[in-house]
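Peer 1: My questions will all concern the structure given below.
The values are calculated or read from the model by the stated rules, or taken from the named source; none is laboratory data. Since the structure is predicted, the reported quantities are computational estimates derived from the model, not experimental observations. Here the Cβ positions follow ideal geometry from the backbone for every residue, glycine too, while neighbour counts run over all protein chains shown. What goes into the accessible areas is simple: the full protein's heavy atoms, side chains included, and nothing from ligands, DNA or RNA. Shrake-Rupley method; radii C 1.70, N 1.55, O 1.52, S 1.80 Å.
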Amino acid sequence: MGIVIPGKYSEEIADFSVMLAGAIAKGAALCGTELEVILAYMDHKSNKNQVCFREFCKTGQFVRTFKWEKIQDSRADILFQIQGYFGLKTQPSYIVANDSMNSFEDCDAILYMSDQLPGNLYAPQPYAVFINHYAKRYVPQIRHDALEKYGMENARIAAINFTIGKSVQREAVQYAGIEKSRVRILPWIFEIVEHNTSSSAAKRYGKYFVWLIDIYDNYKFIIETLSMYYEKGGSLTCVVLAKDIQRSETKNYVKMIRKMIKDSHIRNKHIRICKDMPKKEFGDILQNAKFVLFSGYSDHYGSKVAFQSAMLGVPMLSGGCDTVKELSDRMGLRTVFYDHSNQEQLQKLCFRRRNA
């Protein structure tokens, strides 16, 4: 079975893919089923330094890289005919994952860890798609039109689709037009974060809270609220954490935030934007925060941090992301939800948490 990460994705997607691949391999072994799990990722510089891939190799499982290859009319016709399908080709071109061997034809099934594929997929075996979110539904200005179009088309004809949480399952049915019977919910898989007694974050930032930013974030609302918060005497430092800050889309997003902060009344001393950091340092900053603020419209990695912060005894303020709500209800987390349009409510919550 192949677990394929189809693009240049964040550490969160890579980590989840590795944990899921490990869980599938372990589950097969416990059931007495002989199953070889192959983890594959796109050959791109942003993926090569992911520590989790090297860790997966140590478990005895196999890791491959691949590149997307476009196949045109004539070759697509031949490939379909080899499989015994005549006149089935419906698109002018298709994409195939070229692993420099046999394009994963040695796999009986493939799970693509995102529906954001760069074209109409040709797969010689049954495949499944993991649907992360439909962020464009909430942030229309995101320039992912083609990716979303291909994603929906590939998911509609997949053997099965998987996602986390009922809210994304509902969107897959209502927004993407996928049959509900072919969208299954997987259990959450998280890493346990241990408390670090030698953390130095408190010395660096004093009393602070963490703003967990996401490229699908309600950043304008937050900056306007923080500006009013500090004008009224708010004293907590805002430590901004953005995973994979070197990714082009995240870089542009952070530039936008910096400009809005510069144009606002917030002084530089109130805001600290952190660069990419190892997991341990990320956890150190998280554990000493008064609270975590997450204002994402959709769940890029908010539910993971909601779980991790709860493990460390740090409450989260969330703008109502459905997946975070579902996780909080199921696990009894200390998540407090605010109204995305109510700045006064969020200000009061920030002041209330100052002395918590």
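Peer 1: Any chance you could count how many residues in region 166-183 are under 10 Å from Arg156 (Cα atoms) and in a loop (DSSP other than H, G, I, E, B)?
Peer 2: Final tally of qualifying residues: 4.
Peer 1: When region 112-136 is examined, which residues are found to be closer than 20 Å to Lys166 by Cα and modelled with pLDDT of 85 or more?
Peer 2: Tyr112, Met113, Ser114, Asp115, Ala128, Val129, Phe130, Ile131
Peer 1: Looking at Leu20, Leu79, which is the one that is modelled with pLDDT under 70 and closer than 21 Å to Leu117 by Cβ? Don't jump to the end; show me each part of the working.
Peer 2: Values: Leu20 fails: modelled with pLDDT under 70.
One residue alone meets the criteria, Leu79.
Peer 1: Then there is this: If you go through region 167-194 one residue at a time, how many are in contact with a helix residue (DSSP H, G or I) (Cβ under 6 Å, 6 or more places away or on another chain), in contact (Cβ under 8 Å) with a residue 12 or more places away in the chain and of a type outside the set (Val, Ile, Thr)?
Peer 2: Within region 167-194, residues that are in contact with a helix residue (DSSP H, G or I) (Cβ under 6 Å, 6 or more places away or on another chain), in contact (Cβ under 8 Å) with a residue 12 or more places away in the chain and of a type outside the set (Val, Ile, Thr) number 4.
Peer 1: Being at pLDDT 75 or above, surrounded by fewer than 18 Cβ atoms within 10 Å (Cβ to Cβ) and either under 23 Å from Asn342 (Cβ atoms) or of a type in the set (Asp, Glu) (or both) is the requirement here; does Lys220 meet it?
Peer 2: Yes.
Peer 1: Can you find, within region 285-307, the residue that is nearest to Lys203 (Cα to Cα) among those that are at pLDDT 85 or above and open to solvent by 20 Å² or more (accessible area, probe 1.4 Å)?
Peer 2: Looking at residues that are at pLDDT 85 or above and open to solvent by 20 Å² or more (accessible area, probe 1.4 Å), I get Asn288.
Peer 1: Filter region 327-356 down to residues that are closer than 24 Å to Gly283 by Cβ, in a helix (DSSP H, G or I) and in contact with a helix residue (DSSP H, G or I) (Cβ under 9 Å, 6 or more places away or on another chain), then give me how many there are.
Peer 2: Residues in region 327-356 being closer than 24 Å to Gly283 by Cβ, in a helix (DSSP H, G or I) and in contact with a helix residue (DSSP H, G or I) (Cβ under 9 Å, 6 or more places away or on another chain): 4 in total.
Peer 1: Of all residues in region 96-130, which are open to solvent by 10 Å² or more (accessible area, probe 1.4 Å), in contact with a helix residue (DSSP H, G or I) (Cβ under 6 Å, 6 or more places away or on another chain) and not in a loop (DSSP other than H, G, I, E, B)?
Peer 2: Listed by number, the list holds a single entry, Leu121.
Peer 1: On to the next question. Residues of region 1-21 being of a type outside the set (Phe, Trp, Tyr), open to solvent by 30 Å² or more (accessible area, probe 1.4 Å) and farther than 15 Å from Ala128 by Cβ, which ones?
Peer 2: Across region 1-21, the qualifying residues are Lys8, Glu11, Met19.
Peer 1: Anything in region 25-36 that is at pLDDT below 90 and open to solvent by less than 50 Å² (accessible area, probe 1.4 Å)? List them, or say none.
Peer 2: Hit for region 25-36 is Ala25, nothing else.
Peer 1: Does Lys70 satisfy the criteria of being open to solvent by 70 Å² or more (accessible area, probe 1.4 Å) and at pLDDT 70 or above?
Peer 2: Values: open to solvent by 70 Å² or more (accessible area, probe 1.4 Å): yes; at pLDDT 70 or above: yes.
Yes, satisfied.
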